[in-house]
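S.K.: Here it is, the structure in full.
The values are calculated or read from the model by the stated rules, or taken from the named source; none is laboratory data. Everything quoted here is computed from the prediction, not taken from an experiment. Positions of Cβ are backbone-derived with ideal geometry, glycine not excepted, and every protein chain shown enters the neighbour counts.
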Amino acid sequence: MNQPDDSFVLRVRDLNKRIGRKTIIHSINFDVREGEIFGFLGPNGAGKTTTIRMLVGLIKPTSGSVEICGFDVQKQPEEALKYVGSIVENPEMYPYLTGWENLMHFARMQDGIDEQRIREVTELVHLGGRIHEKVRTYSLGMRQRLGIAQALLARPKVLILDEPTNGLDPKGIKEMRAFIRELASAGLAVFVSSHLLSEIQLLCDRVAIIGGGRELAVGSVDELMGAGRGMVIWDVEPKAKALTLLGRYEDIVIVDSAGAEALEDAATALLNERSIVTETPEERVAEVLDVMVRAGIAVRGVHRVAPTLERLFLQMTEGEGIE
Amino acid sequence: MKRFWAMVQNEVVKIIKKKRFYIVLLILAVMVPIFSYAQMRQSLERQESYGTDWRLEVQQAIIDNQNSLSSDRVPQEWKVYRQIYIQQMQYYLDHDVNPNEPGGVTFTREFIDNSAALFIPLMILTIASDLVSSERTGGTIKMLLARPVRRWKVLLSKLTALLMFVSLIIVSAYAVCYLISGVFFGYSGWSIPIFTGFVLNGSDVDLTYVQATPQWQYLLMQAGLVWFVGVVVALLAFMVSVLVRSTAASIVVMMAALISGSILTNMASAWSSAKYLFMVNLGLTEYLAGNPAPIDGMTLGFSLAVLAAWGAVSVFISFIVFTKRDVLT
């Protein structure tokens, strides 16, 4: 009866949410397959968390539907939510209980989770040593892992993670990515939201990009991110001569200082007073470099950096701007 | 069904681990000795002025009250109270029963009588007021409601755990009270007769239905009434905790209601529609003792009905709001 026709485990159809007179989510559509890591990309305040809350039944959509493994979250929550594990926003657990007691708490809420399973997920997220300590004493990274343990407890088919790398240190972020990939390769569909383009590029197979509560694009990461022109930082002397030279190319856009401010932090650290920030097609870089060297410009460095989400948006909406 | 009791167990674990119930026990363990000591000092003083004969003391009380009836400075409604008191005391005297027979059981009866409308409800608030609001403040409500369990079941498991703790608090109040006051007054007094069934007609007391009840039986009836008051207060606090996000706000709202109740009880006799407010109806044990109701037209049955109505409406609102509302923060 409710047999889905293919391997889609999460289907979102024409999802809308209005609060009062204000529509905050406009017609969101996407599907997530088994074994896929699906990115949900948008700046803060774009409606990511509201959408996620609708996915797990915390908010009732004004119209549209969310189906998990063929079950409608609104109409059959007891069936649909069985197949989802989620962390919405921060992994908030009961601080006055131990990690183990927290997992027991959520295990008691549904059938088929025994202590053996709790031990399994505890091992999986490497919390073995401290599981019997109060959550109050946990670091943010440990809480995040306990949150994931909780989400995995009921052997879900879909895992929903809201900004899973938020607040983690670089090592923690790497571990988290590896962990998510591992889960996906075991057949789990993982839905990850983020406001960082690089995060999505590094992790996801497909992505939905949203801004201002609207879906701007859905597609494979390579397709969509490739569409965004990469940024190149030229570290050259004399700067004026290089600027004139770059200006001759029609397909190279020189980004002013305001535009450069939108760079991600790692890229901003590369900037100095000699830097010129441009949008340059990848295949042009070698040619331009050659011309510069011949013209006697001292090239101290050329860096390609990923476009930021803001620039991607700008390109996508072609100057309409983000609401 | 097994699932449901497992969820009730969850709620019980959370209440205990939050150490709320220990606070209740601690408050009792601190307050009861203080009151016991005060009571002991009082009875020692009485013994000094009246000797060991309790009749002298009761007679003196009757005379004092009669004298004040002729004074112009005493308000009319107080005079009514005093006339009733005189007739009841006279009845005890006529039947040769000491109304103030000291003992652990008598102390317990009086302590519970005095704490039924405010003290015990306050202890219930420590548990009821943050039952739902704390899940919202802590953000754990997202985890709780994203599980494959209908929302009404989640709320019902909380309500069930709450009612269990209301019962436990009342049993503990009796137990702590009896055990501690017994140290001061001895543990006897279970079978002392207590008169109930005074019917009040204005300032007259109708004695036809008065009967002697052994004190243990009186305590049982009292416990039933106190439990009923406790449940209604718990249901109201539960509703407030569903409606209000902050636990502090939730406690303050309920405390304000309860305290305004005890103030209104003392001054609302002229405003008769105040009798439909839940907070002036909390003194159910007063009916049992034969004390006059704060407002004309209030009877035990009336108060029970008013409280039941308030309780039922709170449960209804709690469930509607909890199951329909979006979890936005």
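S.K.: What are the residues in segment B:87-105 that are assigned to a loop (DSSP other than H, G, I, E, B) and over 17 Å from B:Y50 (Cβ atoms), if any?
M.R.: Those that are assigned to a loop (DSSP other than H, G, I, E, B) and over 17 Å from B:Y50 (Cβ atoms): B:H95, B:G103.
S.K.: Any idea how many residues of segment A:123-145 are at pLDDT 95 or above and either closer than 19 Å to A:A178 by Cα or acidic (D, E) (or both)?
M.R.: Here the count works out to 1.
S.K.: If you don't mind, another one. Tell me, please, whether a residue that is closer than 26 Å to B:F185 by Cα and at pLDDT 85 or above can be found in segment B:67-83.
M.R.: no
S.K.: B:P292 is checked against (1) in contact (Cβ under 8 Å) with a residue 24 or more places away in the chain; (2) away from chain A (no Cβ under 14 Å); (3) buried (at least 16 other Cβ atoms within 10 Å of the Cβ); (4) assigned to a helix (DSSP H, G or I) and fails just one. What number does that condition carry?
M.R.: Result: B:P292 fails condition (4) only.
S.K.: Here is a check on your reading of the model: is A:G187 surrounded by fewer than 22 Cβ atoms within 10 Å (Cβ to Cβ), modelled with pLDDT under 90 and over 11 Å from the mean Cα position of the chain (by Cα)?
M.R.: no
S.K.: Looking at A:M316, is it farther than 16 Å from A:L41 by Cα and at pLDDT 65 or above?
M.R.: No.
S.K.: Checking A:L103 against (1) within 17 Å of the chain's Cα centre (by Cα); (2) more than 7 Å from chain B (Cβ to nearest Cβ), only one condition comes out false. Which one?
M.R.: (1)
S.K.: Can you give me the number of residues within segment B:299-329 that are of a type in the set (S, T, N, Q) and either within 14 Å of chain A (Cβ to nearest Cβ) or part of a loop (DSSP other than H, G, I, E, B) (or both)?
M.R.: Going through segment B:299-329 one residue at a time, the tally reaches 3.
S.K.: Pull up segment A:60-95, narrow it to residues that are surrounded by 17 or more Cβ atoms within 10 Å (Cβ to Cβ) and small (G, A, S), then point me to the one that is nearest to the other protein chains (Cβ to nearest Cβ).
M.R.: For segment A:60-95, the residue satisfying everything is A:S86.
S.K.: If you check A:E133 against the conditions, is it closer than 25 Å to A:K171 by Cβ, touching a residue at least 60 places away in the same chain (Cβ under 8 Å), touching a Gly at 6+ places or on another chain (Cβ under 8 Å) and within 14 Å of another protein chain (Cβ to nearest Cβ)?
M.R.: In short, no.
S.K.: What's the total number of residues in segment A:147-157 that are more than 11 Å from chain B (Cβ to nearest Cβ) and touching a Pro at 6+ places or on another chain (Cβ under 9 Å)? I'd like the intermediate steps shown before the answer.
M.R.: Quick first cut of segment A:147-157, residues more than 11 Å from chain B (Cβ to nearest Cβ) only: A:148-149, A:152, A:155, A:157.
From the residues that got through so far, the ones that are touching a Pro at 6+ places or on another chain (Cβ under 9 Å) too are A:148.
Total meeting the criteria: 1.
S.K.: (1) among the basic types (K, R); (2) part of a helix (DSSP H, G or I); (3) within 14 Å of chain A (Cβ to nearest Cβ): which one isn't true of B:R55, the others all being true?
M.R.: If we test B:R55 against (1) among the basic types (K, R); (2) part of a helix (DSSP H, G or I); (3) within 14 Å of chain A (Cβ to nearest Cβ), just (3) comes out false.
S.K.: Any residue at all in segment B:261-274 that's buried (at least 18 other Cβ atoms within 10 Å of the Cβ) and closer than 30 Å to B:S134 by Cα?
M.R.: Among the residues of segment B:261-274, at least one is buried (at least 18 other Cβ atoms within 10 Å of the Cβ) and closer than 30 Å to B:S134 by Cα, which makes the answer yes.
S.K.: Here's a follow-up. For segment A:106-130, how many residues are free of Cβ contacts under 8 Å to residues at least 24 places away in the same chain and facing another protein chain (nearest Cβ under 10 Å)?
M.R.: 3
S.K.: Also, I was wondering about something else. I want to confirm something. Restricting to segment B:19-48 and keeping residues that are in contact (Cβ under 8 Å) with a residue 40 or more places away in the chain and within 14 Å of chain A (Cβ to nearest Cβ), which single residue is nearest to A:M93 (Cα to Cα)?
M.R.: Filtering segment B:19-48 for residues that are in contact (Cβ under 8 Å) with a residue 40 or more places away in the chain and within 14 Å of chain A (Cβ to nearest Cβ), the one nearest to A:M93 (Cα to Cα) comes out as B:R20.
S.K.: Let me ask something else. Quick test of your reading of the structure: B:F107 fulfils all but one of (1) buried (at least 23 other Cβ atoms within 10 Å of the Cβ); (2) within 14 Å of another protein chain (Cβ to nearest Cβ). Name the failing condition by number.
M.R.: (2)
S.K.: Is it true that some residue in segment B:115-138 is surrounded by 23 or more Cβ atoms within 10 Å (Cβ to Cβ), in a loop (DSSP other than H, G, I, E, B) and touching a Lys or Arg at 6+ places or on another chain (Cβ under 6 Å)?
M.R.: Yes, segment B:115-138 contains a residue that is surrounded by 23 or more Cβ atoms within 10 Å (Cβ to Cβ), in a loop (DSSP other than H, G, I, E, B) and touching a Lys or Arg at 6+ places or on another chain (Cβ under 6 Å).
S.K.: A follow-up question, please. List every residue pair whose Cβ atoms sit under 7 Å apart, with the two residues 6 or more apart in sequence or on different chains, where the first one lies in segment B:135-151 and is at the interface with another protein chain (Cβ under 7 Å from one of its Cβ atoms) and the second, anywhere, is assigned to a helix (DSSP H, G or I) and of a type in the set (A, V, I, L, M, F, W, C).
M.R.: What qualifies is B:M143/A:F106; B:L145/B:V154; B:A146/A:L81; B:R147/A:L81; B:R147/A:F106; B:P148/A:L81.
S.K.: So, in segment B:66-86, exactly how many residues are assigned to a loop (DSSP other than H, G, I, E, B) and surrounded by 11 or more Cβ atoms within 10 Å (Cβ to Cβ)?
M.R.: Just the residues of segment B:66-86 that are assigned to a loop (DSSP other than H, G, I, E, B), to begin with: B:70-75.
Retained after the next criterion (residues that are surrounded by 11 or more Cβ atoms within 10 Å (Cβ to Cβ)): B:74.
So the count comes out to 1.
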